[in-house]
Amino acid sequence: MSAERITRREMLKRLIVAPVGAAALATLPVREGSAAALQPYYEPYFVAVLWEGRTRCDSLWRSLKGDVVAILPTVQGTTPYDRLYWTGYALGSAPVNVNMRVLARAVDHNGVPLGNGWRAIGQAAIQTPPQRWFRVEIPEGHWDEYRLEVRSATPRLVYSRVIASQGYWKE
Amino acid sequence: MTPKVCLVMREFSSFNRAWTQILRNLGIDYTMCVTTGSATGASIQTPQGVFAAGSADLRNYFRQFDAVILCDNTGNLALTSLINYSVFWLRWNDTEDPAFLFFNPHFSAAITDSGYNSNFPSDFPIVRPNPSDIAGTLYPADGGSAGSTSPLVAAGTAGRGACVLFLAENIRAHVMTICNTHTNNIPYYWRLDTAKHSALANAAYTHRVARNGRAGEILAVPAPPTSSEDTETYPSDCVVAYRYRNIFWLPHAMHRRQDAADDRNPFLFWLLYGLQLAGVRPRYKLPVQIETDHPLQAVGTGAPFNHAITTQMGILEASWDWMRDFARRKNTAIVNGLVVGTKYRLTGTVYHWHLLYSTSRTQAERDAAMRVHQILVAGHREGTTPCGVHDHTIGTNGYWGGSTAAGFVRHSGLRYGAPNDVPIARGNSCVAPHVLPAGVAGADAQTVQVGDTELVEWDIPTSGTGTTFDLPAGSVHAARIIIESEIEEMLALGFPDGYCAGHKYTNTAANNSGGECYWQALKEFGFRGVRSAPECNAPYRTKRVTPNRYWNGFHLVPPKNLDNVDDSYSWGLYYPGAPAERHAVGTYRLDHGGDISANWTTQPVAAWRAYRRVLCQLTSRWLSTTAVALGGAYFHPIHCLMPVSPSRVLERFDGWNILNAANQPHYNHPVELLENMDAVVRLLPDVLYWGTITDVMDHRERVMG
Amino acid sequence: MPVRFLRNASELADVSWETPLPVQVTNARPVPADTLLVATTTVTDANRDLLGSTATELPTLDGCMQYRKLVWFYFRSGAAATTYRVLARATDHNGAPLGAGWITLATGTLPGEANTWGRIEIPASGDGYYDQYRIEVWRTAGSNYDLTSKIVGVR
């Protein structure tokens, strides 16, 4: 097995500082967010941060950018990436009950979506106790655009980051 | 200023991607907005938020654009709701508001939405169509006959005809025009409320798109006939395009369908005209050019025309003289695929080499052919009629049309001709040089490169010293022999090259560009590109290219045929009793409700109707490939020219006043087609220009990522 | 004056062929995935490829050797039961297929209801690197409908 070249910065991206609860995303495989657990399965050679910021959650499904415009993506130009990783933390007082969902679509070479709506990749909930942290792996890569949405019964902030990797799975 | 438009649509699944492809080709930025419904209560989803259709927020959002384009249309006047939300925009007429472009707009009296009807401007001068009173609110167009399908779905065939007079420009042009249509499959033009128009035309109005400074302007009307034979006339209150303040009310521009961008969009003239009217200045203008295949050829001398070979040559001579002059005046180049290979491989007497040199042709025939040939050679050298290789003589047809070109006859001399013993197929062993062990390659080893792939080949089948052998078609070795043979013939004909002079291009026989090995060989011989169908080696059909394929710097330009016939040579616009594929009306399915065939011999207007439809259909095919596919439109000269009067070759169509040898209306296809496209180019100076295939290839590199 | 740099945090080294100046790529961009095809296909009961051809030797995509895999995205407007078939083969350096016919990579029922999105990886597992692919669809029940597809090549 060849040694993986990794910078210090890249290493830090993979370490999860606080204990992480694994959100069980419907239809998606989820594992604990641990760098040690990741390495035997996947060796990305390129990782990019697609988005990072705070989202004010309320009872409406909002994109991480805060909009309720259903036709707008959260991130676009994501065609090269094999997998996306969405990691975040829900602020505010307990109990935490944040719903999230991941949508995706493809566009043509002129940026026009192939059809209406989105493909629903999965949906999950973060609840306390015990966790405020969440980590979602989005295994369906190479979609051109993703819309990541959150909502919460009680208003709160969700601070999260979306990274994407390009590489290949070793069998 | 950056050109920028907003496209408003109901949903992506009914969005015709030709809209965005054309805008991309023109270098116009666009934003897509999707409505939440069709009623006046609908909201518009924009990147900056969801805004109510009549809100100040939306109005402010729109003000960043040069134009707002409504993409939805219908062929059913009874529909009660389609773009009702747009009624508020009819009153957004300040100087800061953008132009609004409505194409085949739905403003029917059948709309019951009270919000729509109460907000519809009372001074709007076009009568709202009423499906219950079509005769009182619309004018039937193009003979008023019903087609078998909606006029809106016309694509490469089944179009309707129109001759439109553009008033400010004072230009007549044949462009496919449908203002509205209903489920009865009849196209209609609009009826003007002349009193309301008069008030608007006398009211001062300031907006950058109000070129005459008035609130209302008739942009275009059906052109008055030029002959007493043509009884398709329209009342004085009939209009086809109108400007109401900053609102443009225009005919149908794009069929509403889920479709990838392709060139089956015959109405897009109105999109281009609308963009120009709205002052959207494209970053790029689109080059217009045309090609011919077989510039010198003869066809049958039998009925119905019985044109002798010398007569056919005379027709070609006059037409080429005219086309060469047209190209000179318009600063374009008519590139030509000249049939080669017949010096060696194809016996017969109708192709280029034989017409000039075969002793089975009479001296008079050869002399007549030589006069045509000399125009082509002179035009090649001056840049007006450049010629390139076009070979129907290889095996089945065109490059790699079959697995083997049986009994291939090659040229003599140069590098790949007889008696040189040259490779004719891939070596039985081929290994990449960086992994080839030393001492393994055979004595005949040579390095071959196709694209990025470099291999050392050995154990290579060769030709021997003879001229005739079976040539396996699928290798760069075969391609080199074939192409050099073609170029040798071009040189022997007196051309200085075989690739259209500085354009380094040719249009390929059967639109077969072969595949990678042929593209490699063409590049080696200096070509920059060729014309190529997606099935690029038919009928063998083992290779395929996409319309915007660009292979290692080599262009593959998609074709678009503009012949007025589908089989052999044309018998004219229409010919009673002939198979449909022998005349233009049949080929393009233009006989709507039999209104040409049933009336051809009894109503002279039927000939004018055919003329309008043929010109509209073919101009739209040409414009479609120019604006969407950036392709190469072409026709076969003698096949299309047989219906001309031999004594009045260059005269314009004049119905039954000028007859051809079969006593049918005279029609000169290249003259009519080029003159009509010239009218379109003159109407669209911001969008189009007469260019060359080099301009097309340059632009493909610019916009086709 | 030679150019020097700090190697291993403690050792000064001259820039030379053996000790080149270390560089770190910033703002690195991924190798793009290439859009290979965008097409709208009318799915009928006849076996056709995505570009509408019934010619069995005709590829849908050609010159694909550099791609580790293809990803086929689609939006289907109808629910008719549909079979898809993915065929592939290799060519020589001239572009000529090594032989007639194809390898069948996958065949199955096209997932999704009317007005839904779908995604199929080609090949479903392992690596591709085939030169030519032919992707066919045909319905086995119901009515014709439009299938809009996009195929992306991933290195």
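Taken together, the values in this text are just the output of simple stated rules run on the coordinates, not laboratory data. Computed from a prediction, not measured in an experiment: that's the story for all the values here. Please note: Cβ atoms are built from the backbone with ideal geometry, for glycine as well, and neighbour counts cover all protein chains shown.
Treating the angle as unsigned and between 0 and 90°, give the value, to the nearest 10°, between the Cα long axis of helix B:363-382 and the longest Cα principal axis of chain B. Tilt of helix B:363-382: around 70 degrees. Relative to one another, the C-alpha centroids of region C:78-114 and region A:49-99 are positioned 37 Å apart. The phi-based Karplus calculation (6.51 cos²θ - 1.76 cosθ + 1.60; θ = phi - 60°) puts the 3J(HN,Hα) values of region B:22-31 at 5, 4, 4, 5, 7, x, 9, 6, 8, 10 Hz, whole numbers, x for Gly and Pro.
Rank-order C:44-51, C:119-126, A:101-108 by packing density, defined as the average count of other C-beta atoms within 10 Å over each peptide's residues, highest first.
A:101-108, C:44-51, C:119-126
Global size of chain B: 28.1, 94 Å for Rg and Dmax (C-alpha atoms, Rg to one decimal, Dmax whole). Charges were assigned to the Cβ only: +1 to each Lys and Arg, -1 to each Asp and Glu. The resulting dipole of region B:557-611 about its Cα centre is roughly 120 debye.
The order of the peptides B:146-154, C:139-147 by mean Cβ neighbours within 10 Å, most packed first, is B:146-154, C:139-147.
Mind checking which lysines have their Cα closer than 18 Å to the Cα of C:Lys69? Skip sequence neighbours fewer than 8 apart in that chain. Qualifying lysines at Cα under 18 Å: A:Lys170, C:Lys150. For the peptide B:7-18, the mean number of other protein chain Cβ atoms found within 10 angstrom of a residue's Cβ is 4. Return one number: the angle in degrees, 0 to 90 and rounded to the nearest 10, between the long axis of the Cα atoms of helix B:693-703 and the longest principal axis of the Cα atoms of chain B. Tilt relative to chain B: about 60 degrees.
Roughly how far apart, in whole Å, are the Cα centres of region B:247-316 and region B:343-372? If you average the Cα positions of each part, the centres end up 31 Å apart. Highest mean packing comes first when the peptides B:432-442, B:403-413 are listed by Cβ atoms within 10 Å, giving B:403-413, B:432-442. Averaged over the residues of C:42-52, the number of partner chain Cβ atoms lying within 10 Å of the residue Cβ comes to 1. Largest first, the three principal axis extents of the alpha carbons in the protein assembly as shown are 98, 92, 69 Å in whole numbers. Taking the inverse of the mean 1/r over every pair of distinct Cα atoms in region A:46-165 gives a Kirkwood hydrodynamic radius of 14.5 Å. Taking amide hydrogens as placed 1.01 Å from N in the peptide plane, the amide H of C:Gly78 sits under 5 Å from those of C:Asn115, C:Asp146, each at least 5 positions away in sequence or on another chain.
Each residue of region B:293-308 was assigned a 3J(HN,Hα) from its phi angle through the Karplus expression (A = 6.51, B = -1.76, C = 1.60, θ = phi - 60°), giving 10, 6, x, 10, 7, 10, 10, x, 9, x, 4, x, 8, 6, 6, 5 Hz with x at Gly and Pro.
Which angle between 0 and 90 degrees, to the nearest 10, do you get for helix B:605-624 versus the longest principal axis of chain B when only C-alpha atoms count? Helix B:605-624 sits at roughly 70 degrees to that axis.
Quick one: net charge around B:Gly631, please, counting Lys, Arg +1 and Asp, Glu -1 for every other residue with C-beta under 9 Å from its C-beta. With Lys, Arg at +1 and Asp, Glu at -1, the neighbours total +1.
Taking every residue in A:134-141 and counting other chain Cβ atoms within 10 Å of its Cβ, the average works out to 1.
Phi angles across region B:89-94 convert, under the Karplus curve 6.51 cos²θ - 1.76 cosθ + 1.60 with θ = phi - 60°, into 3J(HN,Hα) values of 6, 5, 9, 8, 10, 6 Hz, Gly and Pro given as x. Please state the charge dipole magnitude for region A:46-165, taken about the Cα centre, from unit charges on C-beta atoms (+1 on K and R, -1 on D and E), reported in debye and rounded to the nearest 20. Dipole about the Cα centre, nearest 20: 460 debye.
Remark on B:Lys560: its backbone amide H falls under 5 Å from those of B:Gly632, B:Ala633, B:Tyr634, a criterion applied only to residues 5 or more positions apart or on other chains, H modelled at 1.01 Å from N.
Annotation note: trypsin sites (Lys or Arg not before Pro) in region B:258-301 located in DSSP loop regions with a Cβ neighbour count of at most 15 within 10 Å are B:Arg283.
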